[in-house]
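The values are calculated or read from the model by the stated rules, or taken from the named source; none is laboratory data. Note that the coordinates shown come from a computational prediction; the quantities given were computed from them, not determined experimentally. Please note: Cβ atoms are built from the backbone with ideal geometry, for glycine as well, and neighbour counts cover all protein chains shown.
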Amino acid sequence: MQTRMEHSELTENEKMEAFLARIDRGEKIEADDWMPADYRNQLIKLISMHGISEIMGALPEKEWVPKAPTLRRKLAIMAKVQDEMGHGQLLLRVAEDLMAPLGKTREDLMQDLFTGRLKFHNVFHMEAPTWADAGVIGWLVDGAAIITQTMSLDTSYAPYARALHRICAEEKFHAQHGESIVLELAEGTEAQRQMLQESITRWWPSLLMFFGPPENGTITSNQSANMRYKIRSQTNEELRQAFLTKYVPRIFHLGFTLPDETIHFDEASGQWIYQQPDWEAFKLIVKGQGPRSAHRLSLRETSYEDTKWVRDAIMSFGRQAG
Amino acid sequence: MGTEAKKDFDIYEVFSQKNVTSSFVHQFSLLAPNKEVALTMARENFLRREPCFNLWVVKRDDIYGLSPEERPFLERLDNKSYRETKGYGDLQARWRQHKERYEEQQQKAKSGS
């Protein structure tokens, strides 16, 4: 978009003060507004990680498209995979506009992913060996994503908020898609129930890790900066507690167990008490040393290479038709 | 991979119309090498579920708009009630008074005769 030239005579300090005052008033920031480099960098980090995770998240589910048990299930999981790629497109667009003043593009993000500089969500480094995993990913992984993203709807960065509005609407469908698979298995045979129980047990530590380490942990985090800028409004632990409140009872209602005998809701503190996952393992997983990290990255790389001819063809045609 | 041309894709803004009487609404933006691909991608990216009657894509560079410094001046002064229906809130009550006075007179005339 074109606009008239800016004629601002404010010093950097005055701009920063005005910016923080806008944040405090609850105003939203647009892509072409002045913003501190720190705010821009936090957003790029958060949104590119979110966008790439959507795309990497499509991969474990994609594995189940050819093996879905019925035609309806196959169509539904295909629709979900397509949605995830669409969410990636939305978020990468938001990240691109933030990166434009730094001279970085979508290709740079892809390269950062391949070289391991750009992280993606811990859950997408994990195995999804059974059909129950397809259900659990939809029900609990997307359920966890809904909790994080609903909090972020109120983010101070307007383009991210607009993207999240579209995404949250579709995530609700994903969660229902997952619930439908899970309930079918839970109401099924002993073998089906056992498959689902194994999947819940397998995914439990990853689900706890999904929200990131608690504030008092040893891993440094950007949480406080992000809360000062109102990019987010709740801490990792607050989100994890909301997740436990919503899903632990449902897991018990279906008659399944968690691999944590200590987990319970403490009425006095109003908090769930649970066994911490191995946060050292979490560090290694997001660094790309999870059980499926290398495989998924190579899938993404192969797909990027294999479709290069499509992009090339579009480009040469594009210049003629454009 | 490194040889891929970078700057040849343009940003397109996408607008869609839900039905024949609704206005065009901005959906989001996308990257495309030309307008035909942009139109196809717009359907894929934004209209997988929503009903859609018509669709536009516009190159972002072709949109001329306000800078962040100019936008605050869009805020309307609050002394323009004469432009809005709420500036004429007394009308209903006055019409009612006229109607009641008229009806009273009619009543009186009737009982007087």
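Find the helices (runs of 4 or more DSSP H) located wholly in the stretch A:1-105 whose residues include 3 or more that are modelled with pLDDT under 95 and touching a Cys at 6+ places or on another chain (Cβ under 9 Å), and list them. Talk me through it step by step, then tell me what you get.
Numbers: elements: A:12-24, A:37-62, A:71-99.
In the stretch A:1-105, no matching helices (runs of 4 or more DSSP H) lie anywhere.
Please find, within the stretch B:64-86, the residue that is surrounded by the most Cβ atoms within 10 Å (Cβ to Cβ) out of those that are among the aromatic types (F, W, Y) and within 14 Å of chain A (Cβ to nearest Cβ).
Here is the first cut: in the stretch B:64-86, the residues among the aromatic types (F, W, Y) are B:64, B:73, B:82.
Narrowing further to those that are within 14 Å of chain A (Cβ to nearest Cβ): B:64, B:73.
Values: B:Y64: 9, B:F73: 7.
Here the answer is B:Y64.
Out of (1) among the hydroxyl-bearing types (S, T, Y); (2) within 25 Å of A:E127 (Cα to Cα); (3) surrounded by 15 or more Cβ atoms within 10 Å (Cβ to Cβ), what's the single condition that is false for A:T70?
With (1) among the hydroxyl-bearing types (S, T, Y); (2) within 25 Å of A:E127 (Cα to Cα); (3) surrounded by 15 or more Cβ atoms within 10 Å (Cβ to Cβ) applied to A:T70, the lone miss is (3).
Scan the stretch A:113-132 for residues that are touching a residue at least 12 places away in the same chain (Cβ under 8 Å) and in a helix (DSSP H, G or I) and jot them down.
Selection gives A:L113, A:F114, A:N122, A:V123, A:F124, A:H125, A:W131, A:A132.
Scanning the stretch A:193-218 for residues that are modelled with pLDDT under 95 and surrounded by fewer than 14 Cβ atoms within 10 Å (Cβ to Cβ), which turns out nearest to the chain's Cα centre (by Cα)?
A:E215
Give me the pairs: first residue in the stretch A:221-241 and β-branched (V, I, T), second residue crowded, with 17+ Cβ neighbours inside 10 Å and part of a loop (DSSP other than H, G, I, E, B), beta-carbon distance under 7 Å, and six or more apart or on different chains, which are they?
Every condition considered, the pairs that remain are A:I231/A:T155; A:I231/A:S156.
Which condition breaks for A:S152 when tested against (1) touching an Asp or Glu at 6+ places or on another chain (Cβ under 8 Å); (2) at pLDDT below 95; (3) surrounded by 15 or more Cβ atoms within 10 Å (Cβ to Cβ); (4) not basic (K, R)?
Unmet condition: (1).
So, B:V20, is that one hydrophobic (A, V, I, L, M, F, W, C), under 30 Å from A:S316 (Cβ atoms) and outside any helix (DSSP H, G or I) or not?
Details: hydrophobic (A, V, I, L, M, F, W, C): yes; under 30 Å from A:S316 (Cβ atoms): no; outside any helix (DSSP H, G or I): yes.
No: the conditions fail for B:V20.
Just the residues that are in a loop (DSSP other than H, G, I, E, B) and aliphatic (A, V, I, L, M), please, taken from the stretch A:153-205.
Going through the stretch A:153-205, the residues in a loop (DSSP other than H, G, I, E, B) turn out to be A:153-156, A:187-189.
The one that is in a loop (DSSP other than H, G, I, E, B) and aliphatic (A, V, I, L, M): A:L153.
Consider B:L30 carefully, then state whether it is away from chain A (no Cβ under 11 Å) and surrounded by 16 or more Cβ atoms within 10 Å (Cβ to Cβ).
On the way: away from chain A (no Cβ under 11 Å): no; surrounded by 16 or more Cβ atoms within 10 Å (Cβ to Cβ): yes.
Here the answer is no, as B:L30 does not meet what is asked.
Counting residues that are of a type in the set (F, W, Y), which helices (runs of 4 or more DSSP H) fully inside the stretch A:233-322 reach at least 2? First the steps, then the outcome.
On the way: elements: A:236-253, A:279-284, A:293-306, A:308-321.
Output list reads A:236-253, A:279-284, A:308-321.
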